Amino acid sequence: MSITPCNRYLLVEPVESVEEETGILLPDDYTKKSIYGKARVVAMSKDCTVDVETGQYVVYQNSMLENVQIGVGLYNMILQNHIICKTNQ
């Protein structure tokens, strides 16, 4: 199943970021979450006015990423207004 974003949404594929080691001993299951995330743009709605193209990377606030479950598929969507910047990697 494939989906097409509408209403200024972008379909994105989040990229895992590598966190720096702090030198402090933490439990093995502890994960430090950044407030920002990076993702590759997979598809965009036709009415998006943000200056990005499919395949480029964008930075957003993690709390603004919407996880849409449809059947067995999980899709990550972000509204164009929540994109902070674009990056080349």
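The values are calculated or read from the model by the stated rules, or taken from the named source; none is laboratory data. Just so you know, these numbers come straight off a predicted model, no measurement behind them. Using ideal geometry, Cβ is built from the backbone for each residue, glycine included, and neighbour counts are taken over all protein chains shown. Note: areas computed on protein heavy atoms with side chains; ligands, DNA, RNA excluded. Shrake-Rupley method; radii C 1.70, N 1.55, O 1.52, S 1.80 Å.
A few comments on the model shown:
- Hydrodynamic radius by Kirkwood, which averages 1/r over all alpha carbon pairs of segment 23-75, in angstrom: 14.1
- Here's how it looks for Ala43: its modeled amide H is under 5 Å from those of Leu11, which are all 5 or more places away or on a different chain.
- For segment 50-60, Karplus couplings with θ = phi - 60° (6.51, -1.76, 1.60), whole Hz, Gly/Pro x: 6, 8, 9, 10, 4, x, 7, 9, 10, 10, 8
- A cut-off of 5 Å between modelled amide H atoms, ignoring neighbours fewer than 5 places along the same chain, links Cys48 with Arg8.
- In the context of the full set of protein chains, residues of the chain present 76 Å² of accessible surface per residue (probe radius 1.4 Å, heavy atoms only).
- Fraction of accessible area attributable to carbon and sulfur, the chain (%, probe 1.4 Å): 50
- Computed E for Gln69/Arg40 - FRET, C-beta separation, R0 35 angstrom, nearest 0.05: 0.95
- Orientation-averaged projection of the chain equals 7.1 nm² [convex hull of Cα atoms, one quarter of hull surface area].
- Residue-by-residue Karplus 3J(HN,Hα) for segment 63-71, coefficients 6.51, -1.76, 1.60, Hz, glycine and proline x: 5, 8, 6, 9, 9, 9, 9, 10, x
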